[in-house]
Amino acid sequence: MIKGEVLCAVPMAGYTSFRVGGPVDFLAFPADLDDLRTLLCWCQDGRVPYFILGKGTNLLVRDGGIRGMAINLSRGLTRLQVVAEDAGGAAVIAEAGESLSRFVDFSWRNNLCGLEFAAGIPGSVGGGIFMNAGAFRREMKDVLASISLMDSRGLISERKIEDTACTYRSMGLKKGEVILGGKFVLQRGKGEETRARVEEILRARFAKQPYDLPSAGSVFKNPLHAPAGKLIEETGLKGTRVGDARVSEKHANFIVNTGNATARDILDLAARVRERVQQEKGVLLEMEIQVVGEN
């Protein structure tokens, strides 16, 4: 038994920003670390596959759904706390279930800066760490000192950021490891100045990205020599659609759900984009969004 909640046969369309996806066998909301440990041990003993859902903002669930358990930490691991500070800055513990937007808000309200690049990035702290999320030439690894992890047996460890295998859009964690949170090192700043910078970044994002329709953010990772969106736009693919999935006319590296798109529509459209860009630009785009589940 756990203190949190476990739901059965839950359509994932209600828990992902794409608003698509078949049912997951179990959707669990642990209330605390003990709950999470119980769930992981149950999965381990029963050989039930599991994954951490986060906010579902960088995720595409296939139409056949997911066999196993999805675990959402947003009801139990949401602590934001300054744990050490001096004249130059502070260390902040941010747990995995909290949203990045609230963490950014927390930082400037506590007169801390360095996290502004994450303004407008959807998702949870844990998801941001897992993906090494970033923007404006900054990434999560640049503000992280260490990551708190739980393995499949429920054992907790702390890993220094220099001991991870982090790369572009990946923290390089081992399969089965669950991110509990991170210790972030932020600089001392002036709250209102930092807030103004955050609002400037948010305005820029809303001007360039399609927030009016369901999507999962950037579909492809940026290659070394050019942004993926630029390559896609130059091949004339803006507005291209498969079913109700469409390449955004506002930002070509976004695929949006214009109504009743299926995961199959989105994957077929992504495949068409990759093929055209490879043919015309000689670049094979790599998916940034995580694709899970069965067809």
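The values are calculated or read from the model by the stated rules, or taken from the named source; none is laboratory data. None of these values were measured; they are calculated from a predicted model. FYI the Cβ positions are ideal-geometry reconstructions off the backbone, even for glycines, and counts take in every protein chain you see. Ligands, DNA and RNA are excluded from the accessible area calculation, which covers all protein heavy atoms including side chains. Shrake-Rupley method; radii C 1.70, N 1.55, O 1.52, S 1.80 Å.
Going by the structure shown, is R264 open to solvent by 70 Å² or more (accessible area, probe 1.4 Å), assigned to a helix (DSSP H, G or I), of a type outside the set (S, T, N, Q) and more than 17 Å from L60 (Cα to Cα)?
no
Residues checked against (1) in contact (Cβ under 8 Å) with a residue 12 or more places away in the chain; (2) within 29 Å of P223 (Cα to Cα); (3) assigned to a strand (DSSP E or B):
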site: V104; (1), (2), (3): yes, yes, no
site: I121; (1), (2), (3): yes, yes, no
site: I129; (1), (2), (3): yes, yes, no
site: I147; (1), (2), (3): yes, yes, yes
site: G154; (1), (2), (3): yes, no, no
site: E158; (1), (2), (3): yes, no, yes
site: E162; (1), (2), (3): no, yes, no
site: K175; (1), (2), (3): no, yes, no
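Regarding F18, is this residue at pLDDT 95 or above and open to solvent by 10 Å² or more (accessible area, probe 1.4 Å)?
Against the criterion (at pLDDT 95 or above and open to solvent by 10 Å² or more (accessible area, probe 1.4 Å)), F18 does not qualify.
Among the listed residues G88, G56, G64, which satisfies the condition of being in contact (Cβ under 8 Å) with a residue 12 or more places away in the chain and crowded, with 17+ Cβ neighbours inside 10 Å?
G56 is the lone residue from the list that is in contact (Cβ under 8 Å) with a residue 12 or more places away in the chain and crowded, with 17+ Cβ neighbours inside 10 Å.
Could you tell me whether segment 270-291 includes any residue that is closer than 20 Å to P214 by Cα, at pLDDT below 95 and open to solvent by 70 Å² or more (accessible area, probe 1.4 Å)?
Yes, that holds for at least one residue.
Which of the residues spanning segment 104-115 are buried (at least 22 other Cβ atoms within 10 Å of the Cβ) and either closer than 19 Å to R137 by Cα or among the hydrophobic types (A, V, I, L, M, F, W, C) (or both)?
The answer is V104, W108, L112, L115.
In segment 179-198, is there at least one residue being touching a residue at least 24 places away in the same chain (Cβ under 8 Å), open to solvent by less than 30 Å² (accessible area, probe 1.4 Å), assigned to a helix (DSSP H, G or I) and of a type in the set (G, A, S)?
Yes, the conditions are met somewhere in segment 179-198.
Which residue, of D45, D32, D63, is within 16 Å of G176 (Cα to Cα) and of a type outside the set (V, I, T)?
Result: D45 is the single residue among D45, D32, D63 that is within 16 Å of G176 (Cα to Cα) and of a type outside the set (V, I, T).
Given the condition within 30 Å of K160 (Cβ to Cβ) and out of contact with any strand residue (DSSP E or B) (no Cβ under 8 Å at 6 or more places or on another chain), answer yes or no: does some residue in segment 238-246 qualify?
Residues of segment 238-246 within 30 Å of K160 (Cβ to Cβ): none.
Taking every residue of segment 238-246 in turn, none turns out to be within 30 Å of K160 (Cβ to Cβ) and out of contact with any strand residue (DSSP E or B) (no Cβ under 8 Å at 6 or more places or on another chain).
Considering only segment 24-53, state which residues are assigned to a helix (DSSP H, G or I), open to solvent by 40 Å² or more (accessible area, probe 1.4 Å) and not basic (K, R).
The answer is L33, D34, T38, C41, W42, Q44, D45, G46.
Among (1) under 21 Å from the mean Cα position of the chain (by Cα); (2) open to solvent by 80 Å² or more (accessible area, probe 1.4 Å), where does G172 come up short?
(2)
Would you please name the residue that is surrounded by the most Cβ atoms within 10 Å (Cβ to Cβ), looking only at residues in segment 67-85 that are in a loop (DSSP other than H, G, I, E, B) and not small (G, A, S)?
L73
What number of residues within segment 238-255 satisfy the criterion of being surrounded by fewer than 22 Cβ atoms within 10 Å (Cβ to Cβ), over 22 Å from G21 (Cα atoms) and without any contact (Cβ under 8 Å) to a residue 40 or more places away in the chain?
Residues in segment 238-255 being surrounded by fewer than 22 Cβ atoms within 10 Å (Cβ to Cβ), over 22 Å from G21 (Cα atoms) and without any contact (Cβ under 8 Å) to a residue 40 or more places away in the chain: 3 in total.
Looking only at segment 205-227, decide whether some residue is of a type outside the set (G, A, S), farther than 14 Å from V247 by Cα, in contact with a strand residue (DSSP E or B) (Cβ under 6 Å, 6 or more places away or on another chain) and in contact (Cβ under 8 Å) with a residue 40 or more places away in the chain.
Within segment 205-227 (the criterion being of a type outside the set (G, A, S), farther than 14 Å from V247 by Cα, in contact with a strand residue (DSSP E or B) (Cβ under 6 Å, 6 or more places away or on another chain) and in contact (Cβ under 8 Å) with a residue 40 or more places away in the chain), the answer is no, since none of the residues qualifies.
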